[in-house]
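Step one of this worksheet: look at the structure below.
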Amino acid sequence: MVKNELVEVLYLFYLKFMENPRIKYKRLHELQTIYKAENSTIQLIHTAFNEKIILSPHIYCNSGIDVELKFRDEVEDQIEYLESCKNDSEVTRAVALFGEHSFLCFRKGPSILRYAEAIKPSMGSSFKIKDMELKEKGKIPNDPYPRCWDEMDWKIYHLMRNPRIPFPKISGKLKIEGDFNVSWKTVATRYYKIVEDCKPWIAFFPRGMDNYSQTFLTLRTDYETDLRNELQKLDRTTFMYKMGKTIILNLFLDNNIEHRIFIELKKRRLIRDLHVSMPVHFWTPFPI
């Protein structure tokens, strides 16, 4: 477990990754005041990635994602179904669930996924999920679909979902695959153009992602903006998605009983169509 003072440094690094996922480790070292040796800072960053305190930086845009959400009786063998997802090049995220839903899958396709965010948490916050209040109605806006990208832009986006890959490596892949014979400078120029239409997909978990109890909720509410703002008050990331009018939350809790606040919100008619499930297996082709 990383010490508290180091977690504060890592939160600073997390914020800098949010601003620029390609930020150099040397620059991060210059921003902290704990280590004199740059190698010590680099080791701390590697520890943060290995212990999933910071999830590897990615970029995200509304590129056309289909959402497959199945109830408990719709998948006979979840593990077999998960294996089939692993062999599907179009799948970007698959989760086997136990509870009211049995499976959640995101894959390239129709733009069913209207909104997605790794919600930025508040460092050192004492706010608990049970403290959440929904007072003002408001809808979160749909993620815009990039309209001015050409074929090369889309190719570079998909190759650089992990934006820390060196530009020359992407240039080499484009040449090998026979799509485009371009220099790394062209790749860099295109990247800095497309990233303006993307949002950072980076998560922060002070205790490490695997040290929380995960819960998946689906619900509908007229208080979407308030819900998002309340989740920002937590000290760890929440993954929030929206398909149609349905909100999907991937919560990281201190214990599973905490999600009973949503039962109370349902009783007060602040949310509706609530379904609760627990993840049992997870897969994504992207490094975590």
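Quick notes on this one:
- Count of residues meeting criterion [farther than 19 Å from CYS105 by Cβ and not polar (S, T, N, Q)] in the range 233-250: 5
- Test: residue in the range 256-265 that is out of contact with any His (no Cβ under 9 Å at 6 or more places or on another chain), not hydroxyl-bearing (Ser, Thr, Tyr) and not in a helix (DSSP H, G or I): no
- Only one of the numbered conditions (1) under 24 Å from PRO57 (Cβ atoms); (2) surrounded by fewer than 19 Cβ atoms within 10 Å (Cβ to Cβ) is violated by SER171, and that is (2).
- When the residues of the range 233-255 are filtered to those that are closer than 29 Å to GLU8 by Cα and either assigned to a loop (DSSP other than H, G, I, E, B) or not assigned by TED's automatic domain parsing to the domain that holds TYR223 (or both), the one that is farthest from the chain's Cα centre (by Cα) is ASN255.
- Single residue of the range 191-247 satisfying the filter (touching a helix residue (DSSP H, G or I) at 6+ places or on another chain (Cβ under 8 Å) and small (Gly, Ala, Ser)) that is surrounded by the fewest Cβ atoms within 10 Å (Cβ to Cβ): SER213
- Test: residue in the range 72-83 that is under 16 Å from LYS199 (Cβ atoms) and in the same structural domain as ASN229 (by TED's automatic domain parsing): no
- Top-ranked residue of the range 101-126 - restricted to ones that are surrounded by fewer than 16 Cβ atoms within 10 Å (Cβ to Cβ) and either modelled with pLDDT of 95 or more or of a type in the set (Ser, Thr, Tyr) (or both), ranked as farthest from the chain's Cα centre (by Cα): SER126
The values are calculated or read from the model by the stated rules, or taken from the named source; none is laboratory data. As the structure is a prediction and not an experimental result, all values here were calculated from the model. We place every Cβ from the backbone using ideal geometry, glycine too, and count neighbours over all the protein chains shown.
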